[in-house]
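**Q** Quick one: structure below, then a few questions.
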Amino acid sequence: MNTNSNFLCGKFQLDLSRPRVMGIVNVTPDSFSDGGKFSSTDLAVEHGLQLIAEGADILDIGGESTRPGATPVSLGDELNRVIPVIEALSAVTTVPISIDTYKPEVMRAAIQAGADIVNDIRALQEDGALEVVANSNAGVCLMHMQGTPQTMQLNPGYTDVVAEVKQFLVDRLVAALAHGIVKERILLDPGFGFGKTTEHNIALIQHLDSLAEIGLPLLVGLSRKSVLGRISGGDEQQRLSASIAASVISAMKGARILRVHDVKATVDALKVVTAIVS
């Protein structure tokens, strides 16, 4: 098992010698799996605390759905959704808080509100995003995406998906390092479901160990995604078993952080993986 050690994020030093679980808190009305369930500040905070009680090592707060075809959210709306939740959770929790955004203005406000990690589907490509993270002590997750959430699933294509995703992540890593973001603050995410067909996603899962060769911790987000539904059948609420299987396989192939909706079940599964594989 991969034993990448410590991830520096804000005021935390997270030991990644075993797989960790990132619990999803969507403060949105339209996310693909749980949109609208936790769209008020109070409900989102309550949900975040429940995920910590279930064993989440990180909370990922998002205020804009990035499902295929999602409608973009204004800067003001996104800030109004996520900042009160981050402020409330950072005051009472003892786990790192991540902000799921590609907007530099949201990154800056979230870090000021208490966020420890920037989880960016655009891999800090927006103007000013690299500078915001570089001028903080936040950790960052650099993700691969082909296209935008509005277009990414129209006709995604690659000559060699594993090689192309790997090269993109290396290029964004080089850009981050050049801006002074040390490698101990960086995670990499192949971006399952973001501009990939079922075949592309399966190839990336099969070759996660190749992506791990870059030498930085991998974050994997496969929870309840449509690729699992196409393999196993069932809608978003019927993909627990498939999600657990994907998390277990990902961890065994080197993933250090699993971004999931179903925290308790994933935590239990990873305990078994760690006990057997370590």
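**Q** Can you confirm whether the range 86-108 contains a residue that is in contact with a helix residue (DSSP H, G or I) (Cβ under 8 Å, 6 or more places away or on another chain), assigned to a helix (DSSP H, G or I), modelled with pLDDT under 95 and of a type in the set (A, V, I, L, M)?
**A** yes
**Q** If you don't mind, there's one more thing I want to ask. Out of curiosity, is Asp116 of a type outside the set (Lys, Arg) and in contact with an Asp or Glu (Cβ under 9 Å, 6 or more places away or on another chain)?
**A** Values: of a type outside the set (Lys, Arg): yes; in contact with an Asp or Glu (Cβ under 9 Å, 6 or more places away or on another chain): no.
Taking the combined requirement at face value, the residue does not satisfy it.
**Q** Then there's this: Considering only residues of the range 109-147 that are assigned to a loop (DSSP other than H, G, I, E, B) and among the charged types (D, E, K, R), which is nearest to Lys183 (Cα to Cα)? Give the steps one after another, and end with the answer.
**A** Step one: filter the range 109-147 for residues assigned to a loop (DSSP other than H, G, I, E, B), giving 114-116, 121-128, 135-138, 144-147.
Subset that is among the charged types (D, E, K, R): 116, 122, 126-127.
Working: Asp116: 15, Arg122: 18, Glu126: 20, Asp127: 21 Å.
Filtering first and then ranking leaves Asp116.
**Q** Moving on. At pLDDT 95 or above, acidic (Asp, Glu) and over 30 Å from Leu154 (Cβ atoms): is that true of Glu78 in this structure?
**A** No, not satisfied.
**Q** Now for a different question. Quick one: which residue in Ala163, Ala176 is surrounded by fewer than 14 Cβ atoms within 10 Å (Cβ to Cβ), in a helix (DSSP H, G or I) and in contact with a helix residue (DSSP H, G or I) (Cβ under 9 Å, 6 or more places away or on another chain)?
**A** Only one candidate qualifies: Ala163.
**Q** Restricting attention to the range 215-235, report how many residues are outside any loop (DSSP other than H, G, I, E, B), touching a residue at least 24 places away in the same chain (Cβ under 8 Å) and either buried (at least 19 other Cβ atoms within 10 Å of the Cβ) or small (Gly, Ala, Ser) (or both).
**A** 5
**Q** List the pairs whose first member sits in the range 66-90 and is among the hydroxyl-bearing types (Ser, Thr, Tyr), whose second member is in a loop (DSSP other than H, G, I, E, B) and buried (at least 17 other Cβ atoms within 10 Å of the Cβ), and whose Cβ atoms are under 6 Å apart, counting only residues at least 6 apart or on separate chains?
**A** Listed by first residue and then by second, the contacts come to Thr66/Ile121; Thr66/Pro149; Ser90/Gly114.
**Q** Please verify whether the range 187-199 includes one or more residues that are crowded, with 17+ Cβ neighbours inside 10 Å and free of Cβ contacts under 8 Å to residues at least 24 places away in the same chain.
**A** no
**Q** Sticking with this structure for a sec: So which residues in the range 42-85 are surrounded by fewer than 19 Cβ atoms within 10 Å (Cβ to Cβ), assigned to a helix (DSSP H, G or I) and of a type outside the set (A, V, I, L, M, F, W, C)?
**A** Matches in the range 42-85: Asp42, Glu46, Gln50, Gly76, Asp77, Asn80, Pro84.
**Q** Separate question: Output the residue which, of all residues in the range 236-256 that are without any contact (Cβ under 8 Å) to a residue 60 or more places away in the chain and basic (Lys, Arg), is farthest from Asn201 (Cα to Cα).
**A** Across the range 236-256, the extreme among qualifying residues is Arg239.
**Q** Test of understanding: among Ala175, Ala203, Ala212, Ala163, which residue is free of Cβ contacts under 8 Å to residues at least 24 places away in the same chain, at negative phi and of a type in the set (A, V, I, L, M)? Explain how you work it out, then say what you get.
**A** Values: Ala175 fails: free of Cβ contacts under 8 Å to residues at least 24 places away in the same chain; Ala203 fails: free of Cβ contacts under 8 Å to residues at least 24 places away in the same chain; Ala212 fails: free of Cβ contacts under 8 Å to residues at least 24 places away in the same chain.
Answer to the selection: Ala163.
The values are calculated or read from the model by the stated rules, or taken from the named source; none is laboratory data. Being a predicted model, the structure only gives us computed values, none of them experimental. Positions of Cβ are generated from backbone atoms using ideal geometry, with glycine treated the same way; all protein chains shown enter the neighbour counts.
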